[in-house]
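One structure, as structure tokens, below. Some questions next.
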Amino acid sequence: MIINHANLAILNQAYNAAFQSGRTTAAPMWNQLAMMVPSTTSTEKYAWLGAITKFREWLGERTYQNLKQSDYSIKNKTWENTVSVNRDEIEDDQYGVYKPVIQQLGQDAATHPDELVFALLQAGFATRCFDGQYFFDTDHPVGQPGQEVSVSNFQGGSGAAWFLVDTTKVIKPIIYQRRRPYAFQSKTSLTDENVFSRNEFVWGADGRSNVGYGLWQLAYASKEGLDLQAYADARASMQSQKADNGKPLVIRAAELWVPPSLEQAALEVIQADRLANGASNVMRGTAKVVVCPYLG
């Protein structure tokens, strides 16, 4: 390949297409569990977290519900993934060899939010959310000021963690905050420092984003053994939650998220017609099982 401006433009166009192709072949899971919030500044403050209200009959004057204000914020981070190729390799027509690498770069860009979202979910046992408690905790304060009671969204245990999640709400348990989408870039000009000093062409992708916690009420964690009774108890606890005004939150334990090691146990609880003793499985079909490799 003759290294000139025209040929490099064609090469960059082909590699950009390969990057986009890689993105389209990815199957990210983060958007099942997290809501995407556009960001317009370096740090976004989520003062509305915890502001769960309910309608009432309008009798006389409106009743102004004093919302709990949160100072919870998420600061954006910048992420990059970059590859370099020796100029001589391109000059010797080896550019096709690197096309799968660029496609993988695109796939990685599409699934990088998965890494962030599920790492944060698993860190919820020791990372604080908007109310100052760990995201998965046994003593979240719920109730009017001075009348709070402790509410748990953690069943306990010490084994592999599994999670019940309400994915039916507009708000989700995790926030994926995106400041700038991942974009493909190239540095192949013969006057670029990497070409002049190191005889390398460079391609990469970068973006700005971060993750944080949404409403803890929408996720319930357990490290107990995953069996019918543990699942039933966790489901009942999660769906019994109330708002600060005492009204039911109408939480739905819609999905059961498990690591691959708990797939069989989860399917036995959710999909088996009968239990080992021959009795009917009354919990059959009560949730969707989602096996997530990132939870391993």
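Multiply the residue gap between residue 13 and residue 99 by 0.36 nm, knock off their C-alpha separation, and tell me the result in nm, one decimal place.
29.8 nm
A follow-up question, please. Length gain on complete extension for the stretch residue 274 to residue 150, per 0.36 nm per residue less the alpha carbon to alpha carbon distance? Intermediate values should be presented prior to the final figure.
Details: separation 124, 0.36 × 124 = 44.64 nm, distance 3.63 nm.
Stretched out fully, the residue 274 to residue 150 stretch lengthens by 41.0 nm.
Ranked highest first by average number of other Cβ atoms within 10 Å, how do 274-287, 254-267, 71-84 line up?
254-267, 71-84, 274-287
Still on this structure, please answer the following. Work through the residues other than residue 95 whose Cβ is under 12 Å from its Cβ and net out their charges, Lys, Arg +1 and Asp, Glu -1.
Details: positive: 87, 99; negative: 88, 89, 91, 92, 93.
With Lys, Arg at +1 and Asp, Glu at -1, the net is -3.
Here's another thing I want to ask about it. What base-10 log of the normalised intensity I(q)/I(0) is obtained for the stretch 192-280 from the Debye formula, alpha carbons as equal point scatterers, at q = 0.11, 0.17 Å⁻¹?
Ignoring solvent entirely, the Cα scatterers give -0.54, -0.88.
Using a 7 Å offset from the Cα along the Cα-to-Cβ direction at both residue 92 and residue 189, what is the distance between the two label points in nm, to one decimal?
Label at residue 92, label at residue 189, 2.9 nm between them.
Then there's this: Convert each backbone phi in the stretch 191-206 into a coupling constant with the Karplus relation 6.51 cos²θ - 1.76 cosθ + 1.60 (shift: θ = phi - 60°), then list the ³J(HN,Hα) values in order as whole Hz, x for Gly and Pro.
Per residue, the Karplus-derived 3J(HN,Hα) values read 9, 5, 4, 5, 6, 5, 8, 10, 6, 10, 9, 10, 10, x, 10, 8 Hz.
Just to compare against my own numbers: the Cα pair-distance distribution for the chain, 10 Å bins, whole % per bin, please.
Over the chain, the share of Cα pairs per 10 Å bin runs 6, 23, 24, 20, 14, 9, 4, 1, 0 percent.
Also: With a 10 Å cut-off between alpha carbons and a GNM built on the chain, which of 189, 222, 237 moves the most?
Highest fluctuation among the options: 189.
Now for a different question. Taking a probe of 1.4 Å, how large is the accessible area per residue of the chain, in Å²?
So the chain comes to 52 Å² accessible per residue, rounded to a whole number.
Counting pairs of alpha carbon atoms under 8 Å apart in space and at least six apart in sequence, what relative contact order in percent does the stretch 192-296 give? Intermediate results must be reported in sequence, preceding the final value.
Numbers: 102 pairs, mean separation 22.5, N = 105.
Computed value for the stretch 192-296: 21 percent relative contact order.
Give me the net charge for the shell around residue 176: Cβ to Cβ below 15 angstrom, other residues only, Lys and Arg +1, Asp and Glu -1.
In short, +4.
Using a cut-off of 15 Å between beta-carbons, work out the net charge of the residues near residue 27 (Lys and Arg +1, Asp and Glu -1, residue 27 not included). Each step should come with its number before you reach the end.
Working: positive: 23; negative: 108, 114, 115.
Computed value for this residue: -2.
Taking all protein chains in place and a 1.4 Å probe, what share, in percent, of the accessible surface of the stretch 222-266 do carbon and sulfur account for? Don't skip to the end; give the middle numbers.
On the way: 940 of 2000 Å².
For the stretch 222-266, the apolar C and S fraction of the accessible surface comes to 47 percent.
Using only the alpha-carbon atoms of the stretch 139-296, report the extent along each of the three principal axes, biggest first, to the nearest angstrom.
In descending order, the Cα extents are 73, 48, 28 Å.
The values are calculated or read from the model by the stated rules, or taken from the named source; none is laboratory data. Just so it is clear, the model here is predicted, and its values are computed rather than measured. Reconstructed Cβ throughout: ideal geometry from the backbone, glycine too, with neighbour counts over all protein chains shown. When the accessible area is computed, the model is the full protein with side chains, heavy atoms only, and any ligands, DNA or RNA have been set aside. Shrake-Rupley method; radii C 1.70, N 1.55, O 1.52, S 1.80 Å.
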